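Inspection log for the structure reproduced underneath, given as structure tokens.
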Amino acid sequence: MNAIEVRDLHKTYYGFLRRSKIEALKGVSVSVKQGEIFGLLGPNGAGKTTLIKILLGIAFADRGKALLLGRDSRDPRARLHVGYLPEDHQLPEYLKAWRALDFLAKLYGMHKRRSRVEELLQLVGIAERRNSKVKEFSKGMRQRLGIAQALLNNPKVLILDEPTANLDPLGRKDVKDLLLHLKDQGTTVFISSHVLTEIERVCDRVAILHKGQLLTEGTVDELTREKSLEDVFVELIRGAESLETV
Amino acid sequence: MNRALIFSAIIEDSWRESWARRASLVVSLIALALLLLFAFGVGVRLDEAQPDLVRVSLFGVELRVQTVFKATFADAVELVALGLLNPWGIFLGLFITIGLFSGMFVRGRIDLVLSKPIARWELYLARYLGGVVLVGVTTMLFCLGVWFLLWLKIRYTDLGLIWASLVLVFLFAVLYSFAALLALVTEGTGAALVATIVLWGLTEFAYARDILRPLSPILGSIADALYYLLPKTNDLEIVTARLIGAEQLLTEASSEVASVGFAFGTSGLFALVMLALGIFVFSRKDY
Ligand SMILES: Nc1ncnc2c1ncn2[C@@H]1O[C@H](COP(=O)(O)OP(=O)(O)O)[C@@H](O)[C@H]1O
Ligand SMILES: [Mg+2]
């Protein structure tokens, strides 16, 4: 069983009264094996977040299938062993950091939460601010708290949407170390990014998404045999765009 | 087991959010001020000769009416409390809870919740119940306060006001089911609040059907249709007045209730349909 299985996924967003439409996904298929770190790369607007939201049942596909640990993503139980860091998340501002984690842990049905919450506050390095309200947190601290909530249930599959977006270089290094640590534990990680260099080193495989279609997919070694991943990325996207203008 | 944990977590979160946003604080202070006003502003002196009668004073000034029956005094106090709660308390409750409800269903915030192993209907229903619990507890505490002060002042023991407050919470829950659906569809607070007030107005309009029918058959039929479809706000109000034993203070014409069961049944059905619609829409919505 694959950790993540996406088959021929289509998604179109319609504007008010269907007067406009955006094809966010045009038949995407991806599978991620258990224990893998998988990178979904692509420029802004490529459809990365849309794909992730469909996987988690936050948005619904028009066509195709999305499975998490073998379960259809429309089934809430598919998310039991999944952690998710949304792209622009708003944690409950009015709660203290530890209570925000405690609240979200309850939604996983966790009965013993205290030690897990404490452990995660330590892990992401905001333990000394456990009693501060989320609204007093900087962007970087919120991102750390967001990562902590994604790990609450000790997930088998971790889905991170642009995890390094609001982090300084030190924070990015921490995330990279964390990913390697999770990989050692056998966690499957699905990570999306429009920035390349920082994650290419930890990914086992990457796929490049552009305007709702996969341009390529493979191991980082395969793709970077001749050129850097960045060059591959830029060339593929330029190529796709020049094809369109013809 | 998990479902109980999830529901209680979301209800508790609504509670905390409302206090943190000062909405609950303001409402509680208003309620407290009213109770204090009653506690210290309204004085009662028992009539020694006749234990059924009391002399009432307002801020130390004795009223000109020499004495009133204890029961009449209690009815008047309870009627004032009901009049404050319906419509003003319910309106305030809607104002606050619609904001709480729509605030949850925002991109970025809802993602954190939807990505947990909970079903859409659970989230919708739990958040709805959070609002009902918030308004319910506040209303009950206020009525308990009034009841307790009445007991202190004249040893009044009738529990009618407490039962009446439950009916008001039911009325709120019915209106709020409609408000929640609109808050979801319009993704905001303002339109939902206005629409709910309009609905409330329409339910009252429907009671004019007996007057309208002779004037215009079409208006009469519209009022009839509205009467059968919409919640019975007026009937429920009369039920609350009956519970405190003050129906004689209402005018003759307005004190008739078609049937208490019919009023509760159709109102409850309306709420169930609204909730089902809300869950149907929410279960198909992309965030
Ligand atoms: N809720 C939505 N309504 C309408 N259009 C949307 C919505 N979400 C995303 N889109 C559009 O779908 C496309 C893909 O967006 P997204 O999946 O967020 O891309 P990425 O995460 O790769 O930047 C974009 O053109 C975006 O404008
Ligand atoms: Mg994105």
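The values are calculated or read from the model by the stated rules, or taken from the named source; none is laboratory data. All values reported here derive from a predicted model rather than from experimental measurement. Every residue, glycine among them, receives a Cβ derived from its backbone with ideal geometry; neighbour counts consider all protein chains shown. These area figures cover heavy atoms from the full protein model, side chains too; ligands, DNA and RNA do not enter into them. Shrake-Rupley method; radii C 1.70, N 1.55, O 1.52, S 1.80 Å.
From (1) assigned to a strand (DSSP E or B); (2) within 30 Å of A:Phe103 (Cβ to Cβ); (3) of a type in the set (D, E, K, R), pick out the condition that doesn't hold for B:Glu12.
Going through (1) assigned to a strand (DSSP E or B); (2) within 30 Å of A:Phe103 (Cβ to Cβ); (3) of a type in the set (D, E, K, R) one by one, B:Glu12 breaks only (1).
Can you name the condition, by its number, that A:Tyr14 falls short on among (1) of a type in the set (Phe, Trp, Tyr); (2) within 10 Å of ligand 1 (Cβ to nearest atom); (3) open to solvent by less than 10 Å² (accessible area, probe 1.4 Å)?
Failed condition: (3).
What about B:Leu37, is it open to solvent by 90 Å² or more (accessible area, probe 1.4 Å) and in a helix (DSSP H, G or I)? Steps first, please.
On the way: open to solvent by 90 Å² or more (accessible area, probe 1.4 Å): yes; in a helix (DSSP H, G or I): yes.
So B:Leu37 passes the test.
Can you tell me which of B:Leu79, B:Leu58, B:Leu63 is hydrophobic (A, V, I, L, M, F, W, C) and closer than 26 Å to B:Trp163 by Cα? Give the steps one after another, and end with the answer.
Working: B:Leu58 fails: closer than 26 Å to B:Trp163 by Cα; B:Leu63 fails: closer than 26 Å to B:Trp163 by Cα.
B:Leu79 is the lone residue from the list that is hydrophobic (A, V, I, L, M, F, W, C) and closer than 26 Å to B:Trp163 by Cα.
Yes or no: segment B:199-206 includes at least one residue that is modelled with pLDDT of 95 or more and among the aliphatic types (A, V, I, L, M).
Yes, segment B:199-206 contains a residue that is modelled with pLDDT of 95 or more and among the aliphatic types (A, V, I, L, M).
So which residues in segment A:37-54 are more than 6 Å from ligand 1 (Cβ to nearest atom) and closer than 19 Å to A:Arg7 by Cβ? Please lay out each step first, then the result.
Going through segment A:37-54, the residues more than 6 Å from ligand 1 (Cβ to nearest atom) turn out to be A:37-41, A:43, A:51-54.
Those that are more than 6 Å from ligand 1 (Cβ to nearest atom) and closer than 19 Å to A:Arg7 by Cβ: A:Phe38, A:Leu40, A:Leu51, A:Ile52, A:Lys53, A:Ile54.
Counting residues that are touching a residue at least 40 places away in the same chain (Cβ under 8 Å) and more than 16 Å from ligand 2 (Cβ to nearest atom), which helices (runs of 4 or more DSSP H) fully inside segment A:119-238 reach at least 3?
Where helices (runs of 4 or more DSSP H) fall fully within segment A:119-238 and carry at least 3 residues being touching a residue at least 40 places away in the same chain (Cβ under 8 Å) and more than 16 Å from ligand 2 (Cβ to nearest atom), they are A:139-150, A:169-184.
Please list, ordered by first then second residue, the pairs with beta carbon atoms under 6 Å, 6 or more apart or interchain, first in segment A:35-47 and within 14 Å of chain B (Cβ to nearest Cβ) and within 16 Å of ligand 2 (Cβ to nearest atom), second aliphatic (A, V, I, L, M) and not in a loop (DSSP other than H, G, I, E, B).
Note: pairs meeting the criteria are A:Gly47/A:Ala24; A:Gly47/A:Leu25; A:Gly47/A:Leu209.
Taking the conditions exactly as written (in contact with a Ser or Thr (Cβ under 7 Å, 6 or more places away or on another chain) and in the same structural domain as A:Ala24 (by TED's automatic domain parsing)), does A:Glu230 satisfy them or not? Before you say what the answer is, go through the steps one by one.
Working: in contact with a Ser or Thr (Cβ under 7 Å, 6 or more places away or on another chain): yes; in the same structural domain as A:Ala24 (by TED's automatic domain parsing): yes.
Criteria met by A:Glu230.
I'm checking my understanding of the structure. Among residues of segment B:8-26 that are open to solvent by less than 30 Å² (accessible area, probe 1.4 Å) and more than 10 Å from chain A (Cβ to nearest Cβ), which one is farthest from B:Phe73 (Cα to Cα)?
Among those that are open to solvent by less than 30 Å² (accessible area, probe 1.4 Å) and more than 10 Å from chain A (Cβ to nearest Cβ), it is B:Ser14.
For segment A:124-171, give me the residue count where each residue is open to solvent by 90 Å² or more (accessible area, probe 1.4 Å) and either at pLDDT 95 or above or outside the structural domain of A:Asp184 (by TED's automatic domain parsing) (or both).
7
Quick one: would you say A:Asn2 is open to solvent by 20 Å² or more (accessible area, probe 1.4 Å), in contact (Cβ under 8 Å) with a residue 60 or more places away in the chain and touching a Ser or Thr at 6+ places or on another chain (Cβ under 9 Å)? Outline the logic, then answer.
Values: open to solvent by 20 Å² or more (accessible area, probe 1.4 Å): yes; in contact (Cβ under 8 Å) with a residue 60 or more places away in the chain: yes; touching a Ser or Thr at 6+ places or on another chain (Cβ under 9 Å): yes.
It is true that A:Asn2 is open to solvent by 20 Å² or more (accessible area, probe 1.4 Å), in contact (Cβ under 8 Å) with a residue 60 or more places away in the chain and touching a Ser or Thr at 6+ places or on another chain (Cβ under 9 Å).
Inspect all residues belonging to segment A:60-78 and state whether any of them is assigned to a loop (DSSP other than H, G, I, E, B) and near ligand 1 (Cβ under 8 Å from one of its atoms). Give the steps one after another, and end with the answer.
Keep residues of segment A:60-78 that are assigned to a loop (DSSP other than H, G, I, E, B), which gives A:60-62, A:69-70, A:73-75.
Among the residues that remain, those that are also near ligand 1 (Cβ under 8 Å from one of its atoms) are: none.
The answer is no, given that none of the residues of segment A:60-78 is assigned to a loop (DSSP other than H, G, I, E, B) and near ligand 1 (Cβ under 8 Å from one of its atoms).
Has segment B:53-67 got at least one residue that is part of a strand (DSSP E or B), at pLDDT below 95 and hydroxyl-bearing (Ser, Thr, Tyr)? It would help to see each step written out before you state the result.
Taking segment B:53-67 first, the residues part of a strand (DSSP E or B) are B:53-58, B:61-62.
Remaining after also requiring at pLDDT below 95: B:53-58, B:61-62.
Going one step further and asking which of them are hydroxyl-bearing (Ser, Thr, Tyr), we end up with B:57.
Taking every residue of segment B:53-67 in turn, at least one turns out to be part of a strand (DSSP E or B), at pLDDT below 95 and hydroxyl-bearing (Ser, Thr, Tyr).
Can you tell me which residue in segment A:1-34 is nearest to A:Asp177 (Cα to Cα), limited to those that are in a loop (DSSP other than H, G, I, E, B) and over 15 Å from the mean Cα position of the chain (by Cα)? It would help to see each step written out before you state the result.
Of all residues in segment A:1-34, those in a loop (DSSP other than H, G, I, E, B) come to A:1-3, A:15, A:19-20, A:33-34.
Restricting the remaining residues to those that are over 15 Å from the mean Cα position of the chain (by Cα) gives A:1-2, A:15, A:19-20, A:33-34.
On the way: A:Met1: 27, A:Asn2: 24, A:Gly15: 41, A:Arg19: 46, A:Ser20: 43, A:Lys33: 21, A:Gln34: 19 Å.
Once the filter is applied, the top-ranked residue is A:Gln34.
Tell me the residue from B:Leu152, B:Leu184 that is more than 14 Å from every other protein chain (Cβ to nearest Cβ), part of a helix (DSSP H, G or I) and within 16 Å of ligand 1 (Cβ to nearest atom), please.
Working: B:Leu152 fails: within 16 Å of ligand 1 (Cβ to nearest atom).
Of the residues listed, the single one that is more than 14 Å from every other protein chain (Cβ to nearest Cβ), part of a helix (DSSP H, G or I) and within 16 Å of ligand 1 (Cβ to nearest atom) is B:Leu184.
Would a scan of segment A:56-71 turn up a residue that is away from chain B (no Cβ under 13 Å) and touching a Leu at 6+ places or on another chain (Cβ under 6 Å)? Lay out the reasoning, then the answer.
Going residue by residue through segment A:56-71, those that are away from chain B (no Cβ under 13 Å) are A:63-67, A:70.
After this cut, where a residue has to be touching a Leu at 6+ places or on another chain (Cβ under 6 Å) as well, the list is A:64, A:66.
Within segment A:56-71, one or more residues are away from chain B (no Cβ under 13 Å) and touching a Leu at 6+ places or on another chain (Cβ under 6 Å).
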